[in-house]
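Report on the following structure.
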């Protein structure tokens, strides 16, 4: 089968592999839809991810498809079943799992290999994070469940509620998912970003106000000039230290900031301690997802709150995936691209 293998920094190759034999408890999925992801782009540019992937390794983690083979001992599934699978599963035994924080599991098992004709799902993921799809659910919609699960986790952590005045910093795929989810929760949503097309997408998804940050300089001043109000919740969905720092002045007294976007390793930020203390701010950061948030994400997909039509704005054959990632690294501003793994 053909699969994308990451060998290091900006070194992605399409290779012909012998499909791995299936082990007890595992299933093989014939992939019907795989989507590009901002995390994959970061991994491509850096050449690794400390927790998720160590090259050389199969690449990609947003997928949906049909079960094509069952390993010994697998029950409750049949070949042909339409499914979506998360890219990880917790151990259920460590301190964090017992505390209901499975996203922080000490032994979180990750799954990569979405950019391929098929993938073998380990037994733990089959048990905890393999979900059936409704007959009418499109595979490319279902493949959004994994990144959406992270956004669900972030919204829950920030305790978004109806009526909240929410600012989302960043209009990439994650920022746009936060927009749609916050709007579904009946929040008033403002989105600040730098790409007119993505800001237009935010308006389409329900943002009541969009702020074009232009060259990205002086974001606080530009947002204050456009809104003239502080926010109940600020979501940082960019992953840059300067945007982390910009979030603090924009939240109201007693409000919350979720530093959702992960910054490069080794970076630091500087905050106004007086503002944080005397305004009684809640500062938090959300990482990854849990089996609960993954299931909730699929519900949002299957009820039409999140649709691929609003996020997937391109297609690419698997054979041209290395070229696509090079163009993304050079500044391609597509939101998400559907990878055609079968040609």
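Residue pairs whose Cβ atoms lie under 9 Å apart, separated by 6 or more positions or on different chains, with the first residue in the stretch 15-27 and in the same structural domain as residue 64 (by TED's automatic domain parsing) and touching a residue at least 12 places away in the same chain (Cβ under 8 Å) and the second in a loop (DSSP other than H, G, I, E, B) and exposed (fewer than 12 other Cβ atoms within 10 Å of the Cβ), are 22/72; 23/72; 24/72; 24/73; 25/72; 25/73; 26/72.
The set of residues in the stretch 179-198 being in contact (Cβ under 8 Å) with a residue 60 or more places away in the chain and under 21 Å from residue 38 (Cα atoms) consists of 180, 181, 195, 197, 198.
Taking each residue of the stretch 114-130 that is within 13 Å of residue 65 (Cβ to Cβ) and looking for partners that are assigned to a helix (DSSP H, G or I) with beta-carbon atoms closer than 7 Å, six or more apart or interchain, yields 115/318; 115/321. Of all the listed residues (291, 317), the sole one being in contact with a strand residue (DSSP E or B) (Cβ under 6 Å, 6 or more places away or on another chain), more than 22 Å from residue 197 (Cα to Cα) and not assigned by TED's automatic domain parsing to the domain that holds residue 263 is 317.
Taken together, the residues in the stretch 263-285 that are closer than 12 Å to residue 248 by Cβ and in a strand (DSSP E or B) amount to 2. Looking at 3, 20, just one residue is surrounded by 14 or more Cβ atoms within 10 Å (Cβ to Cβ), under 26 Å from the mean Cα position of the chain (by Cα) and under 28 Å from residue 138 (Cα atoms), and that residue is 3.
I'd like to check something: does the stretch 209-232 contain any residue that is in the same structural domain as residue 170 (by TED's automatic domain parsing) and under 20 Å from the mean Cα position of the chain (by Cα)? No, that holds for no residue. Summed over the stretch 100-140, the residues that are in a strand (DSSP E or B) and closer than 22 Å to residue 341 by Cα give a count of 9.
The values are calculated or read from the model by the stated rules, or taken from the named source; none is laboratory data. Here the structure is a predicted model, which means the values were calculated and not measured. We place every Cβ from the backbone using ideal geometry, glycine too, and count neighbours over all the protein chains shown.
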